[in-house]
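Note sheet for the following structure.
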Amino acid sequence: MSITKESELLGMKEISEVVGTTLKLMREYAKVGMSTKTLDEYGGELLKSYGAKSAPYETYGFPGYSCISINNEAAHGIPSEEKILKEGDLINIDVSAELNGFWSDNGGSFVLGKDIHNHQPLVDASKTILQKAIRNIKGGVKISEIGYLIETEAKKSGFKVIKNLAGHGVGRSLHEEPENILNYRVKSNRERFKKNTTVAIETFISTNSTAAVELNDGWTLVGNKGGYVAQHEQTILVTDTYPVILTKSNEIYN
């Protein structure tokens, strides 16, 4: 969305703090032996306590308050009693919600407990690349250039990017224009970031795959060539200089 008045900025700041704090607290709450359903219900209670509504549930009828993807799941993992968290699991939590007509979105991957499967380099790459991408966004910058930066940095780290998952505009609904802030460069895309707009920037960094494919449950995405995917996402306000990270309360860089 395009921010045209102070009340809109305040609305975006409020919902962004809610989803950011919820993501942070869910990450801290996750324990070995817990089901992803229990973790999701905790997140749902947090959102409710702020008066916010889960965006995937409200928008798409998703069977959970948040998307929780484990290990080889790339995105949109369904919370379940059967999925029990284990030491060294690669976990991704994606929290988006609506409050007073404003929507915000954030997510992050992390390793639970000890990194016994060596997932940390992938997580660190995803986090660092997102930080670098955000640092380079301002009004007038081509969206395709940020995609080029993400893919180039992923290759430098020995990883790939998922090409059919993307960041997006956010604000008055969960997905708005620009709809495809991709993790690679599409040269024909002349679209540019606009000052005073709010967008969700996200990385999808992978070990083996370059595309996400849907499982039979109609939600869960996995890599087309297996392996693992790490994702990090922040909702930002584009300015003339460094963007304002609206979801910084998620503390994914701490």
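The values are calculated or read from the model by the stated rules, or taken from the named source; none is laboratory data. Worth saying up front: this structure is predicted, and the values here are computed from it rather than measured. Cβ atoms come from the backbone with ideal geometry, glycine included; neighbour counts cover every protein chain shown. Accessible surface is based on the protein model in full, side chains and every heavy atom, while ligands, DNA and RNA are left aside. Shrake-Rupley method; radii C 1.70, N 1.55, O 1.52, S 1.80 Å.
Tabulated results
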read-out: Built amide H within the under 5 Å cut-off of Thr247, gap 5+; value: Thr235
read-out: Other-chain or far-sequence residues with amide H under 5 Å of Thr239's (modelled H); value: Gly139, Asn196, Val244
read-out: Local net charge near Leu85, Cβ-Cβ under 15 Å (Lys/Arg +1, Asp/Glu -1); value: -3
read-out: Alpha-carbon spread of the stretch 71-154, three principal axes, descending order, Å; value: 46, 37, 17
read-out: Percentage relative contact order, the chain, counting C-alpha pairs under 8 Å, at least six apart; value: 23
read-out: Interchain or long-range residues, amide H under 5 Å from Ala74's placed H; value: Leu221, Val222, Gly223
read-out: Calculated [θ] (222 nm, deg cm²/dmol) that DSSP helices of n ≥ 4 give over the chain, each run adding -39,500 (n - 2.57); value: -9500 deg cm²/dmol
read-out: Size of charge dipole - the stretch 94-234 - debye, nearest 20, with Cβ of Lys, Arg +1 and Asp, Glu -1, no other charges; value: 780
read-out: Fraction of accessible area attributable to carbon and sulfur, the stretch 122-254 (%, probe 1.4 Å); value: 47
read-out: Listed residues Ala75, Leu85, Gly44: farthest to the positive end of the dipole of the chain (Cβ charges); value: Ala75
read-out: Student exercise, the chain dipole from Lys, Arg, Asp, Glu Cβ charges, in Debye to nearest 20; value: 980
read-out: Reciprocal mean inverse distance between Cα atoms of the chain - Kirkwood radius, Å; value: 17.8
read-out: Relative contact order, percent, the stretch 1-62 [alpha-carbon distance under 8 Å, six or more residues apart]; value: 29
read-out: In the stretch 58-97, GluC sites (Glu not before Pro) in a DSSP loop with at most 14 other beta-carbon atoms within 10 Å; value: Glu81, Glu82, Glu87
read-out: Accessible area (Å², per residue) of the chain, counting only protein heavy atoms and a probe of 1.4 Å; value: 43
read-out: Percentage of interatomic Cα-Cα distances in the stretch 121-182 larger than 20 Å; value: 28
